[in-house]
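Engineer: I have a structure here, written as structure tokens, and I will follow up with some questions on it.
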Amino acid sequence: MGVPFGDPGLSGTFDARFSALAELVREDMSVQRERALLVKVILPGVDFDTRNPLGELAALTEAAGAEVVDGVLQKRLRPATRAYVGRGKAQEIRERADANEAAVIIFDNELAPSQIRALEMVVERKILDRSELILDIFASRARTLEARLQVELAQLQYTAPRLRGMWTHLERIAGAGGGTGVGTVGGIGTRGPGERQIEIDRRIVSRRIAYLKRELAEIDGRKIREVQARRDEFTVSLVGYTNAGKSTLGNALTDAKQHVEDKLFATLDTKTARWALGEGRSVLLSDTVGFVRDLPHRLVASFRATLEAAIHADLLLHVVDVSTQDAPRQIAAVDQVLEELGCDGTPTVTVLNKCDVADDPSIIQVLENRLPGAVRISAVTGMGLDALEDRVRERLKSKRIDVTLRMPVHEGKLIARIDQKAQVLDRRYDSTCVEMDVRINPTHLQQLAGRHRTLRIVAPSPSEDEAR
């Protein structure tokens, strides 16, 4: 057990123990081919679609491969401490599950391990919360090594603090003295007070998490180098809610040939292709993983390498599905994730997609009033793509400029932000300040100067006309 987890020389016993744990994780979080009953607890201040409160959860459940057979709603001032819902509602959930022969209960809320255990004792069925469901979908969609590592890390980080609540067999004692079967786990030299099996399994999971973080750190480094190698290129990234049509739009604009499917989270991997804008001009267009409301924070963190294209982009195209009544909430959810990634200040063009199939044209008008400069398109029919290209060409005129910046040496966050947004050509230090020669988009330079009063532009800054 002294061998680092994940190394080629790992012992079979240790590896087998983790394999058993991993199987438990997947088995406990999978909803393939099961009949599911959906539950949503509506709390004060929570924004939701009043017309179809369970609509998105139903779509997520179907994307995971299960069949939705019924739904239960409850309004509460606060979650019940023991089982999230009250005793009477828990009994109603069991009766509805019995009547519909549901095998799994899926909550559109995040539950504590103790609440899941208490509910399972009442309904006598598997309970999943929203985070577990999304993690299961990502696990089933992961195709590349990078995506699989990212999903596994997010699953383990979610599961690790819940081991005690999820698996009672982990309370056994390992290494205890005597001739019992459990006492012989450690063998000669390990008998004594022993340790709980849950502590052993937690250590195994911790080592696996550390190994995955090292692997993803290497991938992250390669991604950053790939992005930095494109600093001389104008980069555009497609972002948006899952199933908004980003991959379809990417295929319409480039030869990316990205997989397209009318399903939530059909694409997890970033693909970059050259987008020709005419007159010998072109940009690099990247398609990224879709977002969703209440996307688990651990998933955002583990997929950060995949999202590097969006983090470092010169321009974001925020693709919005206007065929859904929930478009305003989806926009808010995407904005929240972009802020979490630190790219909320990146220049953005809102792209109103699926205008050809929108049932309510008033939604498009409302969004255009709220989002000046939004472009109407249909990625399927090609409507509006010329206008979108014109908008990107306008942004392309604001090519990067060379400038010298000076700031106090203790401004670590500002220096990191410049490293993220600009190509650093040279840097010089003295006792109190750092001076950096950078190649940067004028818009990004204006944002940095506006947010950080300690930043000084040594070389002449561009005029407003040049910045445009």
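The values are calculated or read from the model by the stated rules, or taken from the named source; none is laboratory data. Please read these numbers as outputs of a predicted model, since none were measured by experiment. Don't worry about glycine lacking a Cβ; one is built from the backbone with ideal geometry, like all the others, and counts go over all protein chains shown.
Engineer: Could you tell me which residue of region 425-454 is surrounded by the most Cβ atoms within 10 Å (Cβ to Cβ), considering only residues that are of a type in the set (Lys, Arg) and over 18 Å from residue 346 (Cα atoms)?
Structural biologist: My answer is 427.
Engineer: Just name the residue that is nearest to residue 450 (Cα to Cα) out of those in region 384-399 that are in contact (Cβ under 8 Å) with a residue 60 or more places away in the chain and surrounded by 15 or more Cβ atoms within 10 Å (Cβ to Cβ).
Structural biologist: 398
Engineer: From the list 422, 374, which one is under 31 Å from the mean Cα position of the chain (by Cα), surrounded by 15 or more Cβ atoms within 10 Å (Cβ to Cβ) and at pLDDT 90 or above?
Structural biologist: Checking each option against the conditions leaves just 374.
Engineer: Could you say which residue among 93, 134, 116 is surrounded by 18 or more Cβ atoms within 10 Å (Cβ to Cβ) and over 16 Å from residue 57 (Cβ atoms)?
Structural biologist: The unique qualifying residue is 116.
Engineer: For the subset of region 16-44 comprising residues that are exposed (fewer than 11 other Cβ atoms within 10 Å of the Cβ) and under 24 Å from the mean Cα position of the chain (by Cα), which member is modelled with the lowest pLDDT?
Structural biologist: Per the criteria, the residue is 27.
Matching residues to (1) among the polar types (S, T, N, Q); (2) assigned to a helix (DSSP H, G or I):
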position	(1), (2)
382	no, no
392	no, yes
395	no, yes
405	no, no
410	no, no
414	no, yes
420	yes, yes
426	no, no
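Engineer: List the helices (runs of 4 or more DSSP H) that sit entirely inside region 221-319 and contain at least 3 residues that are at pLDDT 75 or above and under 30 Å from residue 62 (Cα atoms).
Structural biologist: The helices (runs of 4 or more DSSP H) meeting that bar are 246-253.
Engineer: Give region 46-77 a look and list any residue that's surrounded by fewer than 17 Cβ atoms within 10 Å (Cβ to Cβ) and at pLDDT below 85, or say none.
Structural biologist: 46, 47, 49, 50, 51
Engineer: I'd like the residue in region 230-253 that is under 30 Å from residue 424 (Cα atoms) and of a type in the set (Val, Ile, Thr) and, out of all such residues, is surrounded by the most Cβ atoms within 10 Å (Cβ to Cβ).
Structural biologist: Looking at the filtered set, the residue picked out is 239.
Engineer: Look through region 126-177, keep the residues that are charged (D, E, K, R) and assigned to a loop (DSSP other than H, G, I, E, B), and return whichever of them is modelled with the highest pLDDT.
Structural biologist: 129
Engineer: Here's something else I'd like to know. Identify, please: which residue in region 210-220 is surrounded by fewer than 19 Cβ atoms within 10 Å (Cβ to Cβ) and of a type in the set (A, V, I, L, M) and is, among those, modelled with the highest pLDDT?
Structural biologist: 210
Engineer: Kindly indicate whether residue 386 is closer than 20 Å to residue 276 by Cβ, at pLDDT 90 or above and not in a loop (DSSP other than H, G, I, E, B).
Structural biologist: Taking the combined requirement at face value, the residue satisfies it.
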